[in-house]
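Notes follow the structure.
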Amino acid sequence: MSAPTAPTGTDLKGRFRRTQWYVIASLGLLVMAAPFLWMALSAFKTREDLTASPPVWIPAQWTLDNFSALLHQLDMPRYFMNSLIVAVLVTVCNLLFCSMLGYALAKLDFSGRSKVFGVVLAALMVPGNLLILPLYVLMSRLSLIDSYAGLVLPFAASAFGVFLMRQFMQSVPDEMLEAARIDGAGEWYIFWRIVLPLVKPALATLTIFTFLGSWNNFVWPLVATNDPGKYTLPVALATFANDPNRTVAGGNGMLMAGSLLVVLPVLVVFAVLQRHFTQGIATAGLK
């Protein structure tokens, strides 16, 4: 058995550089995660811990009073269900429509394909806030204000989703699709049974981005809903934050508890799809 060789100067420099990057990445992660950790811990703090000076990170006494007070003051199950219904419907619509249009732009040869793709790219450059007024006028004329349809339809498809699916579907070999057509397969069969199973990472990526954006959407639900029964969680919490009786009811602890409830579904979705998500981010756009 040969004796282990001593590390060379090059090996030591490589290890030192990797250690430096690990330390820098860890510090960056700590800075990014600190607000979330503060929110999560504050949701379980008593009023005394929340108002302590200097601030305390770990609660001296863990409590669920903030959650119980929040459920008592707000109709959280209804707001949670409103957010869930809207986010799920928006996500499903985007997965369906964006993947269909992405397949057409990537694999079908039709007149004006490049022009349609140019419109998609142009739509990516338009700030979303500019569309709020025309969308509100459109939904109002269709009598869809204060309805789930009014919250879902304006975001049923996105330019980003179309671009993502188109770029990813370009990596599917054309020879495979031609072989399926020679065997008599139709375009719908090719799309559902061949292409979609091959682009699961892109679908997972689109699912996370769309669900996250819809779940956290605040401006449009605020504009498109006048009935408190149709409020989503962000709108309900923002309305509660501006309530002058909030301090008497429970103060910042209730807001922290509500914010934690808003974040948890997104974390669950990401945890379930993270493997496909990282693969999609690494390979999206490659051909």
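Assorted remarks:
- Considering only residues in region 17-55 that are more than 21 Å from the chain's Cα centre (by Cα) and small (Gly, Ala, Ser), the one that is surrounded by the fewest Cβ atoms within 10 Å (Cβ to Cβ) turns out to be SER53.
- Residue count for region 241-258, restricted to those that are at pLDDT 65 or above, assigned to a helix (DSSP H, G or I) and surrounded by fewer than 20 Cβ atoms within 10 Å (Cβ to Cβ): 2.
- For region 91-105, the criterion of being part of a loop (DSSP other than H, G, I, E, B), out of contact with any Asp or Glu (no Cβ under 9 Å at 6 or more places or on another chain) and closer than 18 Å to SER214 by Cα is met by no residue.
- One residue stands out in region 221-237 among those that are closer than 27 Å to ALA271 by Cα and of a type outside the set (S, T, N, Q): the one that is surrounded by the most Cβ atoms within 10 Å (Cβ to Cβ), namely LEU233.
- Exclusive hit being under 24 Å from the mean Cα position of the chain (by Cα) and outside any loop (DSSP other than H, G, I, E, B), set PHE191, PHE160: PHE160
- Total residues in region 113-142 satisfying the condition of being among the hydrophobic types (A, V, I, L, M, F, W, C), more than 22 Å from VAL219 (Cβ to Cβ) and touching a Leu at 6+ places or on another chain (Cβ under 8 Å): the figure is 3.
- Filter pass, ASN82 being under 21 Å from the mean Cα position of the chain (by Cα) and either assigned to a helix (DSSP H, G or I) or surrounded by fewer than 16 Cβ atoms within 10 Å (Cβ to Cβ) (or both): yes
- Set LEU196, LEU177, LEU164, LEU153: member being surrounded by 15 or more Cβ atoms within 10 Å (Cβ to Cβ) and without any contact (Cβ under 8 Å) to a residue 40 or more places away in the chain: LEU153
- The test for being assigned to a helix (DSSP H, G or I), closer than 30 Å to LEU198 by Cβ and over 23 Å from the mean Cα position of the chain (by Cα) holds for VAL116.
- Of residues in region 58-74 being of a type outside the set (Gly, Ala, Ser) and in contact (Cβ under 8 Å) with a residue 24 or more places away in the chain, the one surrounded by the most Cβ atoms within 10 Å (Cβ to Cβ): ASN66
The values are calculated or read from the model by the stated rules, or taken from the named source; none is laboratory data. All values derive from a computational prediction rather than experimental measurement. Cβ sites come from the backbone with ideal geometry, for glycine too, and all protein chains shown count toward neighbours.
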